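Read the structure below first, then the notes.
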Amino acid sequence: MNNTRIISLLPAATEIVCALGLEKNLVGRSHECDHPESVKALPVCSEANFPDDMSSAAIDVKVKEILADALSVYTVKRKVIKQLVPDVVITQAQCEVCAVSLKEVEEALDNYLDKRARIVSLQPNTLDDIFTDITTVADALGVTKEGARLIEDLRERVDIVRHKLKFVEARPTVACIEWLEPLMVSGNWIPELIAVAGGKSVIAESGKHSPFVKWDDILEHDPEIIVVMPCGFSIERTMREIDLLLNLPGFAAMQAVKNNRLYIADGNQYFNRPGPRIVDSVEIMAEIIHPKLFSFGYEGEGWIKFSF
C-alpha cells in the first residue's frame, strides 16, 4: 500500500497525482489547485502576494515590481507544510509567475521540517516534456506502471487527432493570445498543440517562452484564427477584458474577425496547465481549427466562439 504523503504546489501536478490514482495521498495543495473539485477540501499551503481581482495591466505591473525587488509572487505557508509532514513536495521551475517555484520551496523547507521531504520539480516546455514530467512524478511516487499506462492513453488520444488530419492539407494560421495587456502570444507547448491540431502557429516558437509582442506584429501576420487564452483566466474572466483586444487599431479589418474566427478558450483550466488535460487542450484546438472534422464536446465549457 502506498502511504506517501504528498503536497502539490502546482495545479498541473495535483491533476497528475490524481490521474495516477493517488488523490488519497494528497495532504496539501496550492491556493490555485482546483481540479478535481474534491481537492479543494485539502489544506492550502501557499498564497498569492497580490489580489486576484486586478486587471491584466495591473497584474503585470505588480508582478514585475515584486520580481524586481527580488521578492516572491507567492508565499509558501511553512507552518502548514510542517504540520502536514509531507514525504514528497511537488513544485515547478518553469515560470516564476505561474506557481510556487523550486527556490521558494527549497528556502521554505530548508532546516524547517522534522524530516527531510523529497522535492520534485517540474519544468515543461514542450508536449513531450509534459509527458516526461508525468513519468517523473509517477516514478517518484512509486507508481511507474500507472504512469506508463497514463502516458500511453494520452499519446493515443493525440495520435487519433494526428491520424484524422493525415490527409488534410489546409493548415490555417493561428495566433494564441496569452496576455491582453501588455500583449503576449502563447509559446512553450502551445505552438506544438496548434500543429498537432492542424494549424500553423504565428510569431511564437515551440519550446520557447511566450514572448511579449507589439500589436503591429500580429496585424502584419493577420492570422486566419485568433484564440484568446490568458494564463490563469477563465472564459468569463477573459470576457471582462476582451475590449482591450477589440478596440485595438485595425482589429476589425483582420481576416480572423471578418471570417468570424475569433475564439475565447479557458486558459486556466486547459492550455496553461501542463498536466493530463493538456491533451484535452489538443482536442479543443482541433475543434476550433477544424470544426467539420472534430467534435469532442468542449464547446461552451472549454471554449466559445466570440459573437460580435
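The values are calculated or read from the model by the stated rules, or taken from the named source; none is laboratory data. Note that the coordinates shown come from a computational prediction; the quantities given were computed from them, not determined experimentally. FYI the Cβ positions are ideal-geometry reconstructions off the backbone, even for glycines, and counts take in every protein chain you see. These accessible areas exclude ligands, DNA and RNA; they are computed on the full protein's heavy atoms, side chains included. Shrake-Rupley method; radii C 1.70, N 1.55, O 1.52, S 1.80 Å.
Using a cut-off of 20 Å between alpha-carbon atoms, which aspartates and glutamates can reach LYS145, once sequence neighbours fewer than 8 places away in the same chain are excluded?
Within the straight-line cut-off, LYS145 pairs with GLU15, GLU23, ASP128, ASP129, ASP133, ASP153, GLU156.
Quick one: order HIS221, HIS290, HIS163 from most to least accessible surface, probe 1.4 Å.
Greatest to least solvent exposure: HIS163, HIS221, HIS290.
How far apart, in nanometres, would the label points at VAL61 and LYS200 be if each is projected 7 angstrom from Cα along the Cα-to-Cβ direction?
4.0 nm
Keeping every protein chain in place, order LYS103, LYS115 by accessible area at 1.4 Å, biggest value first, i.e. largest first.
Of LYS103, LYS115, the descending order of accessible area is LYS103, LYS115.
With each label point set 7 Å from Cα along the Cα-Cβ vector, what nm distance links GLU299 and LYS103?
Result for the modelled spin labels: 4.6 nm.
Contact order normalised by length for region 233-308, with contacts defined as Cα pairs under 8 Å and 6 or more residues apart; what percent is it?
So the answer I get is 36 percent.
Tally up the carbon and sulfur contribution to the accessible surface of the chain as a whole percent, 1.4 Å probe, everything protein left in place.
Roughly 50 percent of what the probe reaches on the chain is carbon or sulfur.
Dipole magnitude of region 244-300 about its Cα centre, charges +1 at Lys/Arg Cβ and -1 at Asp/Glu Cβ only, in debye to the nearest 20?
Here the size comes out at about 180 debye.
Over the chain, average the accessible area per residue using a 1.4 Å probe and give it in Å², no decimals.
I get 46 Å² per residue for this part.
Which residue, GLU169, GLU23, GLU181, tops the fluctuation ranking in a GNM of the chain built on C-alpha contacts under 10 Å?
Result for the chain, Cα springs under 10 Å: GLU169 fluctuates most.
Taking 0.36 nm per residue of sequence separation and subtracting the Cα-Cα distance, how much length would be gained by fully extending the chain between ASP159 and ARG240, in nm to one decimal?
Length gained between ASP159 and ARG240: 25.6 nm.
How much length would be gained if the chain were fully extended between ALA93 and LYS40, taking 0.36 nm per residue of separation minus their Cα-Cα distance, in nm to one decimal?
Computed gain between ALA93 and LYS40 is 16.7 nm.
May I ask you to derive the relative contact order of the chain, considering only C-alpha pairs under 8 Å and at least 6 residues apart, and to give it as an integer percent?
15 percent
Towards the positive end of the charge dipole of the chain, with charges on Cβ (+1 Lys, Arg; -1 Asp, Glu), say which of MET285, THR4, CYS33 has the farthest Cα.
The Cα lying farthest towards the positive end belongs to THR4.
If you line up the long axis of helix 56-68 against the longest principal axis of the chain, both from Cα atoms, how many degrees apart are they, to the nearest 10?
Compared with the principal axis, the helix lies near 40 degrees.
For LYS79, go through the lysines and keep the ones whose alpha-carbon is under 17 Å away, minus same-chain ones fewer than eight residues off.
Straight-line reach from LYS79, under 17 Å: LYS115.
Over the Cα atoms of the chain, what is the Rg over Rh ratio if Rh follows Kirkwood?
Here the Rg-to-Rh quotient is 0.98.
Which of CYS176, LEU193, LEU244 sits farthest toward the positive end of the charge dipole of region 139-247, with +1 on the Cβ of Lys and Arg and -1 on the Cβ of Asp and Glu?
Towards the positive end, the residue furthest out is LEU193.
Which residues does a label at HIS209 reach in region 181-203, if reach means a backbone N under 15 Å from a point 7 Å past the Cα toward the Cβ?
Those under the cut-off are 184-189.
Anything over 29 Å Cα to Cα? Flag those among LYS103/LYS208; LYS24/LYS200; LYS164/LYS305; LYS40/LYS208, in the order listed.
Violating the 29 Å limit, Cα to Cα: LYS24/LYS200; LYS40/LYS208.
Considering only LYS292, LYS77, LYS40, give the residue with the highest GNM mean-square fluctuation for the chain, with springs between Cα atoms whenever their separation is below 10 Å.
Of LYS292, LYS77, LYS40, the Gaussian network model singles out LYS292 as fluctuating most.
Using Cα centres only, tell me the gap between region 268-308 and region 196-266 in whole Å.
15 Å
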